[in-house]
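Down below is the structure, laid out as structure tokens.
The values are calculated or read from the model by the stated rules, or taken from the named source; none is laboratory data. Fair warning: this is a prediction, and the values are worked out from it, not measured in the lab. For neighbour counting, all protein chains shown are included, and Cβ atoms are generated from backbone atoms with ideal geometry for every residue, glycine included.
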Amino acid sequence: MSGIIKNFEGYVKIFGLTPVEAKQKGYISYMPEDAFPYEKLTGYENLDFYAELYAKGDKQLKEKYLKLGVEISNLGKRIYDKTAEYSRGMKRRLIIARTLMVMPKLSVLDEPTLALDVESAVRIRNIILDMARRYNMTIILSSHNMLEVEYLCDRITLINDGRVVASGKPEEIVKNTNSKNLEEAFIKLVFGDQ
């Protein structure tokens, strides 16, 4: 879907295009689970590098991306420090900024708050929600954190061992399984009532 790996079966269409075509048009951004900034660069230099890459020579567009990236990262003066000095949460905010600053139509985020403290995770979630609403982005999120999924997602698909166990709105899945929350619903769907 992100246009990185060629599919060998079936097909995917994103806004009527193949993933590769959609990526070439700048419709897609992707944040892998294990993404990290270039640690010898400052946060600003990291954002500047990607803004240049995505703007493809358009100076005004580059400045727009860079300004938005700095805003999203919310790192204040620390944006000018080498990212090797950043906490894991600061690095993750910078990566989210790098991914969303180009205002893609579709953003694929893999475990965006993995291994973050509560405060950093909440900040990241709020950034994702804000950007999705502000720029009408579609975000596909992969996460093991059911609280995060329940908070961020309008529609979900729960998968266990490569098999879809439920799909729909989070509140519907919770209600249909007579559960208190999505985590309990997932447990019931996979392991039955315990």
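Listing for the model above:
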quantity: Extreme residue, surrounded by the fewest Cβ atoms within 10 Å (Cβ to Cβ), among residues of segment 85-108 that are without any contact (Cβ under 8 Å) to a residue 40 or more places away in the chain and assigned to a loop (DSSP other than H, G, I, E, B); calculated: S87
quantity: Subset tally (residues that are in a loop (DSSP other than H, G, I, E, B) and of a type in the set (G, A, S)) for segment 7-22; calculated: 2
quantity: Residue that is farthest from K82 (Cα to Cα), among those in segment 23-62 that are assigned to a helix (DSSP H, G or I) and of a type in the set (D, E); calculated: E52
quantity: Residues that are of a type in the set (V, I, T) and closer than 21 Å to S107 by Cβ, drawn from segment 141-172; calculated: V149, I156, T157, I159
quantity: Residue within segment 55-71 that is in contact (Cβ under 8 Å) with a residue 40 or more places away in the chain and either assigned by TED's automatic domain parsing to the domain that holds S143 or under 21 Å from the mean Cα position of the chain (by Cα) (or both) present; calculated: no
quantity: So E39, is it among the acidic types (D, E), within 22 Å of L147 (Cα to Cα) and in contact with a strand residue (DSSP E or B) (Cβ under 7 Å, 6 or more places away or on another chain); calculated: no
quantity: Options A132, A121, A185; residue that is surrounded by fewer than 19 Cβ atoms within 10 Å (Cβ to Cβ) and part of a helix (DSSP H, G or I); calculated: A132
quantity: Test: Q60 is of a type outside the set (S, T, Y), in contact with a Gly (Cβ under 9 Å, 6 or more places away or on another chain) and surrounded by fewer than 16 Cβ atoms within 10 Å (Cβ to Cβ); calculated: no
